[in-house]
1. Starting from the 7 Å offset along Cα-to-Cβ, what nm value, one decimal, do you get for the label separation of R68 and A412?
2. Provide the per-residue ³J(HN,Hα) series for segment 259-267, in order, calculated from phi with Karplus coefficients 6.51, -1.76, 1.60 and θ = phi - 60°, each as a whole number of Hz, with x at glycine and proline positions.
3. Sequence-distant or interchain residues sharing an amide H contact under 5 Å with L449, placed H: which?
4. What list of ³J(HN,Hα) couplings, whole Hz, do you get for segment 317-325 from phi and the Karplus terms 6.51, -1.76, 1.60, once you set θ to phi - 60° and write x for glycine and proline?
5. Through the Karplus equation 6.51 cos²θ - 1.76 cosθ + 1.60, θ set to phi - 60°, convert the phi angles of segment 350-357 into ³J(HN,Hα) values in whole Hz; use x for Gly and Pro.
6. Which order do D156, D276, D62 fall in if you start with the one that has the fewest other Cβ atoms within 10 Å?
7. To the nearest 20 Debye, how big is the dipole of the chain about its Cα centre, given +1 on the beta carbon of each Lys and Arg and -1 on that of each Asp and Glu?
8. When the helices in the chain are scored as -39500 (n - 2.57) per DSSP H run of 4 or longer and the sum is shared across all residues, what 222 nm value do you end up with, to the nearest 500 deg cm²/dmol?
Amino acid sequence: MVVALGITWILDGLEVTLAGALSGTLKESSTLGLSNSEIGGAGSAYLGGAVLGALYFGWLTDRLGRKRLFFVTIAVYVTATAATALAWDFWSFALFRLLTGAGIGGEYAAINSTIQELIPARMRGWTDLAINGSFWIGAAMGAAGSIVLLDPAIIDPAIGWRLAFLIGAALGMVIFFMRLWIPESPRWLMTHGDPRRAEAIVTQIEQQSGFQGRDLAPRDLPRVKLRTRTHTPLIEVGRTLFRTYPRRTFVGLSLMAAQAFFYNAIFFTYALILTDFYGVPSGRVGWYILPFAAGNFLGPLALGRLFDTLGRRFMIGTTYAASGILLAGTGYLFSNGLMSAETQTIAWMIIFFFASAAASSAYLTASETFPLEIRALAIAFFYAIGTGVGGVAGPWLFGALIDTGSRSSVAAGYLLGSLLMIAAGLIEWRWGIAAERKPLESVCQPLGLIA
């Protein structure tokens, strides 16, 4: 189940990395010939599509179930990324990137809600971070693929960038069949009036793990009764987010917006920094992304267990603040010309070792601190607002700053990202929820609870 869920993040990492690693080639392409601003705009189109996809498919996920939407969203993704390989100008490229993002955005809501509802409480934090961190396996695949496909000695770069996008489509077809192994969420089934099917799935899980016949119910938790429902009206969703849990909503939005700006602004334009300021050939950008991806993947793996032991508030606040402080220092060195392409990459590895865990914890916070009945839509809401505010504007802003050719202008963008991360860390320290090692229903009571 972990592999089948995590591979979606591999897809996202593959898509984002390819878009970044191919930036130089897309600028040189006789067909597209994109400018830095247009490349940033295409990145924003991808994120804008992810926002729309998260909201729409997140709403459907709470109504129709987690598993059913797995197949819809992956089909949208496969079709759109294959179409990207056929783009003929900037507008067609941006449109297909938007549709690709819509498929990936829909995946976020379905998968993060499934992680929370199927993983034991004692390891929920580490598992969530590890699955979200698998994004960087895809990033490494995208970097390695770009090295081969953009090497003129192997293949014509004019064709290579098109083949690069087909990698995602091929991988998506494999994922489509892997999804058959993932069960529907028993929690979702109970709230939608199908307790017998929910019990059958739990029994199957117990059989496969060797726990069948053992009493696994926690002794200190009371039994609860739930009222079933077909869906939750949007007005009740809004009332829950802004009237019942306004502080949790503020924390979730702060975390999501800060990491979205921080990540997307930097990573979508990473290749442009290497090519424009350090003179790295576009065909060699992948070699610099590989170690960067390694730092990002190792962060959640190494730090993930601490989110379940030291606690959410301490670890989330610390990783956010550390990321912001380190970025500010790197921006200062960059603006003064004190870094090479190699030292810049080492700095990114260190920064994003912490930032990767921080970004994954934003999804963890959004998915475990709100009621069962609106979990997928809550994830989609926080992702959409956070990405809309921080992520869509980020690549466009940094593309424009890089176009100025001024190191100090780019460093000012880095400073903005660092301040957002530090502020989000302070907000988490002050108002975050200590959800570690607690059942979801004790972290936040279901809306259908019968007293």
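1. It works out to 5.1 nm between the two label points.
2. Running phi through 6.51 cos²θ - 1.76 cosθ + 1.60 with θ = phi - 60° gives 5, 5, 5, 4, 6, 5, 4, 7, 6 Hz.
3. The list, which skips near neighbours in sequence, is R227.
4. x, 5, 5, 5, 5, 4, 4, x, 5
5. Ordered by residue, 3J(HN,Hα) equals 5, 4, 7, 4, 7, 5, 5, 5 Hz.
6. Going from sparsest to densest Cβ surroundings: D156, D276, D62.
7. That gives the chain a dipole magnitude of about 1500 debye.
8. Result for the chain, helices only: -25000 deg cm²/dmol.
Each reported figure results from applying straightforward, stated rules to the coordinates on display, with no laboratory input. This is a predicted model, so every value here is computed, not measured. Heads up, the Cβs are rebuilt from the backbone with ideal geometry, glycines too, and the neighbour counts pull from every protein chain shown.
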